[in-house]
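Notes for the one structure printed next.
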Amino acid sequence: MLVIAGSASPDLAQSVSERLNCGLVKPELTKFPDGELHLKIPVDLEGEHVVIVQSTPYPQNDNFMELLLLLDTVEDLGAKEVAAIVPYFAYARQDKRFEPGEAVTMQTMLKLIESTEPDRLLTVDVHEEKSIKGTKIPAKNLHAMPLVGKWLFSLNLKNPLLLGPDRGAQDYAEQAAGSLGADYDYLFKKRKSPTEVSMEPKSLDVEGRDVVILDDIISTGGTVIEALELLKKHNARKIYAGCTHAVLAGNALDRILEAGAEGVFATDTIETEISKMSVAPIIADTIAE
Ligand code: R5P
């Protein structure tokens, strides 16, 4: 078995290969003067079981194109079995037509991946789990929050409450709370625009407690900041924010810290300065099953 590291996931791919005790291949990726990608995989893949690890954070389009090139090329070079690991699946939030005429980007991305015919697709905390049901290839969504919950022990939280900033994120809080042995709750969020959200008032048992806001994605930080403001009004003690995918658009991290977060953390589905825990074990263990 060989793990192939896409350029967006070098450290994660290495951790997966170490855990699987197999070789790691770093393809040569360059750009032509006009911006087109040039990819070369300088090893013999004939008859190999290949695991491609390539996340799709910003620049999403380049990272997606690289993923497609990797998938199609390993097939073309004779790999026997191909697993596509897309730890952060970009474009997944547009998983339906919210307004007439919109592109359903998740559907398009899945079709493109399917066209390269990998044997399986794994992703982590994809925005809507149901969006990968019904793909033509076996697809599985892995859950990172149990790992996050274990990592939370290192913060020595006081009487912690784990909080999903909206109803959908309640599952994340619940999964992490299961590992930590803590309480969980959720808020009611209303999205006004891609950058603006509001939180409905809610009675919360947070006075003097440490609270961790948990979500799948922190993008602009608007959701976390609104939740923070509400928690401060309810006299929470220390407030942390965590997520699976640290998209961190613009200066999101600075804004969250300025709003009073004690700390911000994420997994390595997107490799950033706040990646504190690795999803390598859940990926490798699923591959090894
Ligand atoms: C939306 O439903 C997601 O789960 C996240 O809450 C959202 O993507 C966070 O975005 P932002 O950080 O821009 O508020």
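Where residues in the stretch 243-256 are more than 15 Å from residue 88 (Cα to Cα) and in contact (Cβ under 8 Å) with a residue 12 or more places away in the chain, which of them is nearest to the ligand (Cβ to nearest atom)?
Only one residue fits best here, namely 252.
Enumerate the pairs (first residue in the stretch 147-173 and outside any loop (DSSP other than H, G, I, E, B); second residue anywhere and basic (Lys, Arg)) with beta-carbon separation below 9 Å, excluding pairs fewer than 6 apart on the same chain, so at least 6 apart or on different chains.
Taking only residues 6 or more apart or on different chains, the pairs are 148/276; 151/276; 154/276; 155/238; 161/209; 167/189; 168/189; 169/189.
Counting just the residues of the stretch 137-146 that are assigned to a loop (DSSP other than H, G, I, E, B) and out of contact with any Pro (no Cβ under 8 Å at 6 or more places or on another chain), which one comes out surrounded by the most Cβ atoms within 10 Å (Cβ to Cβ)?
144
So residue 176 passes all but one of these: (1) surrounded by 15 or more Cβ atoms within 10 Å (Cβ to Cβ); (2) more than 13 Å from the ligand (Cβ to nearest atom); (3) among the small types (Gly, Ala, Ser); (4) more than 28 Å from residue 84 (Cβ to Cβ). Which condition number does it fail?
(4)
Given the structure, is residue 158 of a type in the set (Lys, Arg) and within 18 Å of residue 205 (Cβ to Cβ)?
In short, yes.
Looking only at the stretch 117-136, how many residues end up being crowded, with 16+ Cβ neighbours inside 10 Å and over 20 Å from residue 9 (Cα atoms)?
Number satisfying all stated conditions: 2.
So residue 269 fits all but one of (1) surrounded by fewer than 24 Cβ atoms within 10 Å (Cβ to Cβ); (2) more than 10 Å from the ligand (Cβ to nearest atom); what number is the exception?
Unmet condition: (1).
Please go through the stretch 248-266 and give me each residue that is surrounded by 17 or more Cβ atoms within 10 Å (Cβ to Cβ) and closer than 19 Å to residue 147 by Cα, ordered by number.
264, 265, 266, listed by residue number.
Being of a type in the set (Asp, Glu) and touching a Phe, Trp or Tyr at 6+ places or on another chain (Cβ under 9 Å) narrows it down to one residue among 99, 174, 128, 117; which is it?
Of the residues listed, the single one that is of a type in the set (Asp, Glu) and touching a Phe, Trp or Tyr at 6+ places or on another chain (Cβ under 9 Å) is 174.
For the stretch 112-122, state whether one or more residues are at pLDDT 95 or above and more than 26 Å from residue 284 (Cβ to Cβ).
Taking every residue of the stretch 112-122 in turn, at least one turns out to be at pLDDT 95 or above and more than 26 Å from residue 284 (Cβ to Cβ).
The values are calculated or read from the model by the stated rules, or taken from the named source; none is laboratory data. None of the values given here were measured: they were computed from a predicted structure. All Cβ positions, glycine included, derive from the backbone under ideal geometry; neighbour counts span all protein chains shown.
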